[in-house]
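Participant: Quick one: the structure is below, and I'll ask about it shortly.
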């Protein structure tokens, strides 16, 4: 019987302890494991290669995304780097979004500069530009949808079909949606990647990533290389991640509900020049989002009128919105992408991607939505009186 997402999130790892009957699984902190006898290792021999706690969270994540297995890594960036290490060599091409997360952009660009592979940054919603990029016969097409920070939507099924015609692997970054709201493997992607630091963990107290595959051979390659280069996650972070996943569904539902309340409020503010949220009918990707997502998520961005002085004043008046990078935690965060998450991009690249100095990004938490609105109102009042 197929289990629903909420049930999978809660039950993986429960009641599996045979020694003491623990409902919640113990943390296996051992770095090494004894051999049964000469030349007879157990299922685990060294925790960089395999760890029982990491095994449990990998199983949970693979089941949530509908993959055959997963590799949990030390960060979201190491997850992406692992994929590129395994499937790209010098001269190979990766096609990536021109408006992807700043850390992903920095990784792809810096690896290109040192000759590890070639990267073509392209607006994946521009059919002509995408066709020209695919003509280079890339080995990987990297999708990020919704994009960070402008919430642009990419048609996963369409891009996957076009990429597969060129023999490319499709890697989808599903960090913003989580498997609660979007399942890229079911839409045609070959591999899903997450920064588990974000929604999957949900409490801003670990850094981790994951690669989830639907091909056993690719999974084995990625697992071998993850051990080889030492990017696997530790046992305690794996335990915290598994614990965070248990509340993933109710967290996402409340965060999304709060986000919709904030969007309605922000739309009525004279200082808000433009809103970016896929639930809005005037959002260019609204129809695609409705087709491939099971909700619109809890990330939103908007442009504030008045220049940097107004932005600084506005941010200084907030008490419930923490000025910080990252996203997906139970607490509400606000950031200025141009100087924070995307600071590693050149001014020209930011301009091309549409990341303006007036842009603010919010990761909505699970606080009371009216309290959040009242906090925003105070900041708007101060900025208006300036």
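The values are calculated or read from the model by the stated rules, or taken from the named source; none is laboratory data. What you are looking at is a predicted structure, and each value in this text was computed from that prediction instead of being measured. Virtual Cβ from ideal backbone geometry, glycine too; neighbours counted across all protein chains shown.
Participant: Please determine, by comparing only the residues of region 275-316 that are surrounded by fewer than 17 Cβ atoms within 10 Å (Cβ to Cβ) and over 25 Å from the mean Cα position of the chain (by Cα), which one is nearest to residue 182 (Cα to Cα).
Facilitator: 305
Participant: Of the numbered conditions (1) farther than 27 Å from residue 122 by Cα; (2) in contact (Cβ under 8 Å) with a residue 12 or more places away in the chain; (3) surrounded by fewer than 22 Cβ atoms within 10 Å (Cβ to Cβ), residue 374 satisfies every one except a single condition; which is it?
Facilitator: It is condition (2) that residue 374 fails.
Participant: Please enumerate the residues belonging to region 19-39 that are surrounded by fewer than 12 Cβ atoms within 10 Å (Cβ to Cβ) and either in a loop (DSSP other than H, G, I, E, B) or at pLDDT below 95 (or both).
Facilitator: Result: 19, 20, 21, 23, 31, 34, 35, 36, 38, 39.
Participant: Let me ask you something else. Which one is farthest from residue 103 (Cα to Cα) among residues in region 161-174 that are in contact with a helix residue (DSSP H, G or I) (Cβ under 7 Å, 6 or more places away or on another chain) and assigned to a loop (DSSP other than H, G, I, E, B)?
Facilitator: 166
Participant: Can you tell me which residues in region 8-18 are surrounded by 12 or more Cβ atoms within 10 Å (Cβ to Cβ) and free of Cβ contacts under 8 Å to residues at least 40 places away in the same chain?
Facilitator: Matches in region 8-18: 11, 14, 17.
Participant: A follow-up question, please. Could you please let me know if residue 249 is modelled with pLDDT of 95 or more, touching a strand residue (DSSP E or B) at 6+ places or on another chain (Cβ under 7 Å) and either in a helix (DSSP H, G or I) or under 26 Å from residue 14 (Cα atoms) (or both)?
Facilitator: No; evaluated as a whole, the condition is false for this residue.
Participant: Applying the selection to region 44-97, what residues are surrounded by fewer than 19 Cβ atoms within 10 Å (Cβ to Cβ) and either at pLDDT below 95 or more than 22 Å from the chain's Cα centre (by Cα) (or both)?
Facilitator: Result: 44, 45, 46, 48, 49, 50, 89, 90, 91, 92.
Participant: Here is a follow-up. Name the residue that is surrounded by the most Cβ atoms within 10 Å (Cβ to Cβ), counting only residues in region 258-274 that are without any contact (Cβ under 8 Å) to a residue 40 or more places away in the chain and either under 12 Å from residue 362 (Cβ atoms) or touching a helix residue (DSSP H, G or I) at 6+ places or on another chain (Cβ under 8 Å) (or both).
Facilitator: 263
Participant: What is the number of the single condition among (1) out of contact with any helix residue (DSSP H, G or I) (no Cβ under 7 Å at 6 or more places or on another chain); (2) surrounded by 22 or more Cβ atoms within 10 Å (Cβ to Cβ); (3) part of a helix (DSSP H, G or I) that residue 131 does not meet?
Facilitator: (2)
Participant: What single numbered condition from (1) at pLDDT below 95; (2) surrounded by fewer than 16 Cβ atoms within 10 Å (Cβ to Cβ); (3) closer than 24 Å to residue 104 by Cα fails to hold for residue 323?
Facilitator: Result: residue 323 passes all but (1).
Participant: Looking for whichever is closer than 30 Å to residue 4 by Cα, in the same structural domain as residue 199 (by TED's automatic domain parsing) and touching a strand residue (DSSP E or B) at 6+ places or on another chain (Cβ under 7 Å) here; the options are 96, 62. Which one fits?
Facilitator: 62
Participant: Something else about it: Got a sec? Which helices (runs of 4 or more DSSP H) wholly within region 275-381 have at least 3 residues that are touching a helix residue (DSSP H, G or I) at 6+ places or on another chain (Cβ under 6 Å)?
Facilitator: Where helices (runs of 4 or more DSSP H) fall fully within region 275-381 and carry at least 3 residues being touching a helix residue (DSSP H, G or I) at 6+ places or on another chain (Cβ under 6 Å), they are 308-317.
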